[in-house]
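Student: Quick one: the structure is below, and I'll ask about it shortly.
The values are calculated or read from the model by the stated rules, or taken from the named source; none is laboratory data. A quick note: this is a predicted structure, and the numbers were derived from the prediction, not measured. For neighbour counting, all protein chains shown are included, and Cβ atoms are generated from backbone atoms with ideal geometry for every residue, glycine included.
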Amino acid sequence: MSDAPSSHPDLSLTFANARPIAWEVMRAALAAVDPAEAVRRIMRRDGETLIVAGHHYDLRDYQRIIVVGAGKASAPMARAVEEILGLRVTTGHVNVKHGHLDHTQRIALHEAAHPVPDQSGIDGTARIVALLEGAGDTDLVICLISGGGSALMLLPEDGITLADYRALTDALLRSGADITRINTIRKHVERVKGGRLAQLAAPAEILALVLSDVVGNPLDFIASGPTVPDTTTFADALQVLTDFDLVGKVPAPVEERLRAGAAGDLPETPKPGDPIFRKTRTVVIGSNEIAAAAAIARATELGFETLHLTSFLEGEAREAARFVVAIAREIAGRGRPLAPPAMVLCGGETTVTVRGQGRGGRNQELALAAGLAMRSVPCTLIAALATDGSDGPTDAAGGFADAGSVARLLAAGIEPRSSLAANDSYEALARAGDLIVTGPTNTNVNDLTFAFVFPDGAGHPAMPVTG
């Protein structure tokens, strides 16, 4: 974690130590969802038996084991699978984000762009398809899926170019649509999403290991559900365009395909009950809830009263910021629902409707908006963290906010309300020294927003760290 201070076991729970304490808690959260460790927790080998989450696979039953996948966390997942299965892995291909490589021998790791895809992503997906089209009923396909998989594993339908798909992605990301709506459209304009990867691999047996980056862990929306039944339709995808004022604003081939599908002129994605899923098993190996539980445990060890308030923090980032600040103000001013020192944690994934020309991400925008609302909230630190280390198209993972945020911004020559209106949170937080920069974490389980309230100004003595 590139900007993280080293661990300080002698910290006392005072606001002066707020940021090092926040880093300590964030480290614990990220360590709990380390992708390689997550694989090792649920997968082990006993001779010729592979045991995955209690299910036994007799390796002698399979002529080949093929590993495929995509996502920002899929490289360390592939490494762990190789370590467990060794020479039993026949071949494999996994698409990862640029800069997220790992060390593998039998599974090829292929770099591609995220969040707006590139030709490299298409080329890598074509190689995955080629592997799966040759799979037979004596093969085991292990599919490694993590956040970012939708952009990294893509093969647009005929008639939809990469330029079309990039324009569609940009429009969706700017619209304020959440990931389930974005992926509803993706599943109906591509050839590998919405259960169609399983369709390609049939009649092989499929084991999908999933690191969830979607609120609530709905399997058909994580990386657009390549190996599970699709619960959405062409009509649903077309409705997303209407709901977010995108009709006539996305490339014509995309809209034409959605309209043809909604009219019944194109085959739907595979749905629940389709026999192609009879030999498919999916295991969620990491999630926002696991990261949150680890953060809560570490904060409790440090001496905080803790509350995991929700795993479903959604909506506009700047509105979510006001909600989190309101909770912190209640704790600081009235000692409820917890008395300081207290930490409240919200997991989820907010959105940003982009109206300005600035640069940032949902967590940075949340932090900037929180800073504007915190001038009367003493001894409180809010930290908004993207667990993948990449918040929007930036090198930051999020940002910090406290009662001094506005003063720091003004001193740096930044007018915070103008920056927020321009969606220019990155520049503002960078100038104020309030960015959270971790570097690539090689995991991705949504976002975590922390509110740390210290006792300094609430009539309570500072408490020593207990763990």
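Student: What is the one condition in (1) within 28 Å of the chain's Cα centre (by Cα); (2) surrounded by 14 or more Cβ atoms within 10 Å (Cβ to Cβ); (3) on the phi < 0 side of the Ramachandran plot; (4) of a type outside the set (Ser, Thr, Tyr) that GLY71 does not satisfy?
Tutor: All conditions are met except number (3).
Yes or no, residue by residue, for (1) under 24 Å from the mean Cα position of the chain (by Cα); (2) in a strand (DSSP E or B); (3) not assigned by TED's automatic domain parsing to the domain that holds PRO455:
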| residue | (1), (2), (3) |
| --- | --- |
| ALA295 | yes, no, no |
| THR300 | no, no, no |
| GLU319 | yes, no, no |
| CYS346 | yes, yes, no |
| LEU368 | yes, no, no |
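Student: May I ask you to verify whether ARG181 is surrounded by fewer than 24 Cβ atoms within 10 Å (Cβ to Cβ) and at pLDDT 95 or above?
Tutor: For ARG181, the condition - surrounded by fewer than 24 Cβ atoms within 10 Å (Cβ to Cβ) and at pLDDT 95 or above - is met.
Student: With the requirement that a residue be more than 20 Å from ARG79 (Cα to Cα) and touching a residue at least 24 places away in the same chain (Cβ under 8 Å), what does segment 140-158 give you?
Tutor: Once the filter is applied, which keeps residues that are more than 20 Å from ARG79 (Cα to Cα) and touching a residue at least 24 places away in the same chain (Cβ under 8 Å), segment 140-158 yields SER150, ALA151, LEU154, LEU155, PRO156, GLU157.
Student: Looking only at residues that are assigned to a loop (DSSP other than H, G, I, E, B) and not charged (D, E, K, R) in segment 270-288, which one is surrounded by the fewest Cβ atoms within 10 Å (Cβ to Cβ)?
Tutor: Only one residue tops the list, namely GLY273.
Student: Taking the conditions exactly as written (touching a residue at least 60 places away in the same chain (Cβ under 8 Å), of a type outside the set (Lys, Arg), within 22 Å of GLY69 (Cβ to Cβ) and surrounded by fewer than 24 Cβ atoms within 10 Å (Cβ to Cβ)), does GLY216 satisfy them or not?
Tutor: Yes; evaluated as a whole, the condition is true for this residue.
Student: Does segment 19-27 include one or more residues that are surrounded by 16 or more Cβ atoms within 10 Å (Cβ to Cβ), part of a helix (DSSP H, G or I) and assigned by TED's automatic domain parsing to the domain that holds ARG281?
Tutor: Checked against the condition, which is being surrounded by 16 or more Cβ atoms within 10 Å (Cβ to Cβ), part of a helix (DSSP H, G or I) and assigned by TED's automatic domain parsing to the domain that holds ARG281, segment 19-27 yields no hits at all.
Student: Would it be correct to say that THR380 is among the β-branched types (Val, Ile, Thr) and closer than 30 Å to SER74 by Cα?
Tutor: For THR380, the condition - among the β-branched types (Val, Ile, Thr) and closer than 30 Å to SER74 by Cα - is not met.
Student: With the structure loaded, tell me whether SER311 is of a type in the set (Ser, Thr, Tyr), in the same structural domain as SER418 (by TED's automatic domain parsing) and not in a loop (DSSP other than H, G, I, E, B) or whether it fails that test.
Tutor: yes
Student: Among the residues of segment 118-142 satisfying the criterion of being more than 25 Å from the chain's Cα centre (by Cα) and not in a helix (DSSP H, G or I), which is surrounded by the most Cβ atoms within 10 Å (Cβ to Cβ)?
Tutor: LEU140
Student: Restricting to segment 393-421, name every residue that is in a loop (DSSP other than H, G, I, E, B) and in contact (Cβ under 8 Å) with a residue 60 or more places away in the chain.
Tutor: Answer for segment 393-421, where residues must be in a loop (DSSP other than H, G, I, E, B) and in contact (Cβ under 8 Å) with a residue 60 or more places away in the chain: PRO393, ASP402.
Student: Restricting attention to segment 385-399, and to residues there that are farther than 16 Å from SER212 by Cβ and of a type in the set (Asp, Glu), which single residue is nearest to the chain's Cα centre (by Cα)?
Tutor: ASP391
Student: Answer with yes or no whether ARG45 is in a helix (DSSP H, G or I) and either of a type in the set (S, T, N, Q) or within 27 Å of VAL94 (Cα to Cα) (or both).
Tutor: no
Student: Restricting to helices (runs of 4 or more DSSP H) lying wholly in segment 144-204: which have 3 or more residues that are out of contact with any His (no Cβ under 9 Å at 6 or more places or on another chain), farther than 23 Å from ALA108 by Cα and not basic (Lys, Arg)?
Tutor: 162-175, 179-186
Student: Working carefully through the options ASP170, ASP178, find the one that is touching a residue at least 24 places away in the same chain (Cβ under 8 Å), touching a Ser or Thr at 6+ places or on another chain (Cβ under 7 Å) and within 24 Å of VAL254 (Cα to Cα).
Tutor: Going through ASP170, ASP178 in turn, just one is touching a residue at least 24 places away in the same chain (Cβ under 8 Å), touching a Ser or Thr at 6+ places or on another chain (Cβ under 7 Å) and within 24 Å of VAL254 (Cα to Cα): ASP178.
Student: Whether any residue in segment 144-153 is surrounded by fewer than 17 Cβ atoms within 10 Å (Cβ to Cβ) and at pLDDT 95 or above is what I want to check.
Tutor: no
Student: Pull up segment 84-117, narrow it to residues that are exposed (fewer than 14 other Cβ atoms within 10 Å of the Cβ) and modelled with pLDDT under 95, then point me to the one that is nearest to VAL68 (Cα to Cα).
Tutor: Across segment 84-117, the extreme among qualifying residues is HIS103.
Student: I've got another one for you. For segment 139-176, give me the residue count where each residue is closer than 20 Å to ILE222 by Cα, outside the structural domain of ILE122 (by TED's automatic domain parsing) and β-branched (Val, Ile, Thr).
Tutor: The total comes to 1.
Student: Do we have GLY333 as surrounded by 18 or more Cβ atoms within 10 Å (Cβ to Cβ) and modelled with pLDDT under 95 here?
Tutor: no
Student: Check off (1) free of Cβ contacts under 8 Å to residues at least 60 places away in the same chain; (2) in contact with a Gly (Cβ under 6 Å, 6 or more places away or on another chain) for ALA38 and give me the number that stays unchecked.
Tutor: ALA38 satisfies all of (1) free of Cβ contacts under 8 Å to residues at least 60 places away in the same chain; (2) in contact with a Gly (Cβ under 6 Å, 6 or more places away or on another chain) except (1).
Student: Go through segment 352-383 and report how many residues are hydroxyl-bearing (Ser, Thr, Tyr) and surrounded by fewer than 21 Cβ atoms within 10 Å (Cβ to Cβ).
Tutor: 2
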